[in-house]
Amino acid sequence: KRFAHDVFRKKPGPTAAQLPPEDGKRAKAALISLVRNSEIDQLKQSMTELEAVFNHKFNYPWIFFNDEPFDENFKKVTRELTNAEIQYEQIPKEHWEVPSWINKDLMYASFDKLASENVQYSKMLSYHQMCRWNSGMFYKHPALDDYKWYWRVEPNVHFYCDIDYDVFRFMEKNNKTYGFTINLYDSPQSLPTLWPTTEEYIDAHPEYLAPDNSMEWLTDATNRPHHNFLAHGYSACHFWSNFEIADLDFWRGDAYDKYFEYLDKSGGFFYERWGDAPVHSIGVGLFADKSQVHYFDDIGYNHVPFVNCPDLPGKCRGCEPNEFFRGVGLEKENCMPVWNKMMEKAN
Ligand code: GDP
Ligand code: MN
């Protein structure tokens, strides 16, 4: 089997001035990645492929974030992979550190309890910090102040299909807030009080609920009732946030930012292992209309072990049309049927 990274070659891209955008305008957008120096090889894969399918045509800047300084090797390797500008940004300590109100003894005791329930990464403090940063801190980084749109990229992902249009301009023109490729169930054991805490916030701020929100998808209990039971009313459905194309202004707005603050004060990023994927998804599902959420069915994508593979003859290399997972027995992890059911009713 041939995979995308075997066949892609870096092509010399046109400069920004030679670019297609129909009316000559570009979006205020960046490709962003939180990444460690040690992940340079995996990042190289992601970056090479995204440049090949999309960015060599558009040259949107890359912005890398790290809780530590980037090393020279990281900079040298990444500079060779794009014609676009690159920024290397360190995260301010106050955005990454465990907040003062967290009780460390309780936190470590919680890690043990979560681990006994097989919650992945629950004993890794940096993972909790990463989830919190991605939930409510990344959009506060000054490097993003001048941007409205971002595409989140992780090390070790694949992009399989040519993208011939400017996805950011697409979002802008179609009044979209959030774009995803994969829609899954989360581990309910990682977030037992996330939904109850969310309900407290909604009760205090009913004015923030979007009129045409995705409550039906967020609270579905028909497909996997046990997930809903363990998550106390939350379906555990979420957009897989290792891929996101979204509007920074949505996160910056009061509805979401105050929601994050409320969650943060409750301590669930450390006493439980709330992921940024369910937190973003609940935020989008409650505070945006469902018409503002876009499924990029045309973007071929893989983050182990799940795949989004369009059926676009001649445009994709390395995935099988409609392939959803690699490995065994993961079809029940797909929450797209619940999403589709809701969207069909809307149309
Ligand atoms: P998973 O996808 O849930 O298995 O989590 P990952 O290990 O892929 O982490 C998610 C993203 O955060 C990836 O882009 C990682 O490179 C990044 N990341 C996770 N932990 C850290 C950390 O402690 N420091 C930095 N700089 N990046 C991190
Ligand atoms: Mn990952």
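Some points to look at:
- Going through (1) closer than 30 Å to Pro196 by Cα; (2) surrounded by 20 or more Cβ atoms within 10 Å (Cβ to Cβ); (3) not basic (Lys, Arg) one by one, Tyr295 falls short only on (2).
- Restricting Asp249, Asp264, Asp311 to those that are touching a residue at least 60 places away in the same chain (Cβ under 8 Å), in contact with a Pro (Cβ under 7 Å, 6 or more places away or on another chain) and more than 16 Å from ligand 1 (Cβ to nearest atom) reduces the list to Asp264.
- Residue match in the range 114-129 (condition: crowded, with 17+ Cβ neighbours inside 10 Å, modelled with pLDDT of 95 or more and under 20 Å from Glu244 (Cα atoms)): yes
- Some residue of the range 292-301 being under 13 Å from the mean Cα position of the chain (by Cα), within 25 Å of Ala27 (Cα to Cα), away from ligand 1 (no atom under 16 Å from the Cβ) and assigned to a helix (DSSP H, G or I): no
- For the range 112-163, the set of residues classified as free of Cβ contacts under 8 Å to residues at least 40 places away in the same chain and more than 20 Å from Glu39 (Cα to Cα) consists of Asp112, Lys113, Ala115, Ser116, Lys123, Pro142, Asp145, listed by residue number.
- Residues of the range 229-247 satisfying the condition of being surrounded by 21 or more Cβ atoms within 10 Å (Cβ to Cβ), more than 16 Å from ligand 2 (Cβ to nearest atom) and of a type outside the set (D, E, K, R): Ala231, Tyr234, Ser235, Ala236, Cys237, Ile245, Ala246
- Number of residues in the range 302-329 that are within 16 Å of ligand 2 (Cβ to nearest atom) and either of a type outside the set (S, T, N, Q) or touching an Asp or Glu at 6+ places or on another chain (Cβ under 8 Å) (or both): the value is 9.
- For first residues located in the range 187-200 and at pLDDT 95 or above, partners that are outside any helix (DSSP H, G or I) and hydroxyl-bearing (Ser, Thr, Tyr) and lie 6+ apart or on another chain with Cβ distances below 6 Å form the pairs Trp195/Tyr234.
- Test for Glu333: is it within 16 Å of ligand 2 (Cβ to nearest atom) and acidic (Asp, Glu): yes
The values are calculated or read from the model by the stated rules, or taken from the named source; none is laboratory data. Note that the coordinates shown come from a computational prediction; the quantities given were computed from them, not determined experimentally. Counting neighbours? That spans all protein chains shown, and the Cβs are built from the backbone with ideal geometry, glycine included.
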